[in-house]
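Working notes for the structure below.
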Amino acid sequence: MSLEARLPNRRTADGQQATRSRLVLAGLLILGVLLTVWVLQQEGPVLPQGRTQPSQVPDYYIEGVRLKMLSTDKGVRYRLSASLLRQYVAEQRAELQQPRLQLLDTADGFDWDLRADRAEMTGNGARVDLRGRVVVKRGAAQRQQQIEISAEQMTLYPNDSRLESAVPVLVRHFNGQTTAAGLTADLSAKMMALQPRVHSEYESFITR
């Protein structure tokens, strides 16, 4: 057989070898991608610099907790109770089940009682995020001075008696009720700012 007759077969063999090389290279690339994805899944999500992933395991927990939180002048600022407290020391964070907070001796002379299904306390008690069915009541002997605020979420800043909610709220008072898209309230100064979509219903009183 002449050299010219054998050349086509050689080119075919070279082409097949090149195809096999490309397939091997593609397989290695795919394997590398799969390994990278697997490693990232094992390591967990990458968080921005300076942030750490919240711990899922508490340092300790207490059942039936009752605490007195002190103000800057060492007086009792509020009382706290909960069916369960989980403490995360490094994060200065605590999770509460069925919490109850009692703000004592506010500037308006009334105590405030706050209850929720659960809560998260951060900043050594400077902020309390209440979740679930949240009910806030102002204790007063006279019905005209009683107030009840309810919502699914509220945030309390105990140091300045500030209460905020970015979800719909219901405010009950002695002669009716008011609904709003949210609120900001200073519990010690009896000041409440309601967010838009405010609707009020009042009872009518007839005197004879």
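Extension gain, L104 to D59, is 13.2 nm, computed as 0.36 nm per intervening residue step minus the present C-alpha separation. So for the pair S83, L67, with labels modelled 7 Å out along Cα→Cβ, what separation do we get in nm? Modelled inter-label distance: 1.9 nm. For the stretch 60-202, the alpha-carbon radius of gyration amounts to 1.04 times the rule-of-thumb value 2.2 N^0.38 Å expected for a compact globular protein. Averaging the sequence gap over all C-alpha pairs within less than 8 Å and six or more residues apart, then dividing by the number of residues, gives the stretch 60-202 a relative contact order of 14 percent. Taking 0.36 nm per residue of separation and subtracting the Cα-Cα distance, full extension of the segment from R197 to D117 would add 26.2 nm. For the stretch 120-208, the set of GluC sites (Glu not before Pro) satisfying both a DSSP loop assignment and a count of at most 16 other C-beta atoms within 10 Å is given as E203.
Only the coordinates and a few stated rules stand behind these numbers; no lab work does. All of these numbers come straight from a predicted model, not from anything done at the bench. So basically every Cβ, Gly included, is an ideal-geometry build from the backbone, and we count neighbours across all protein chains shown.
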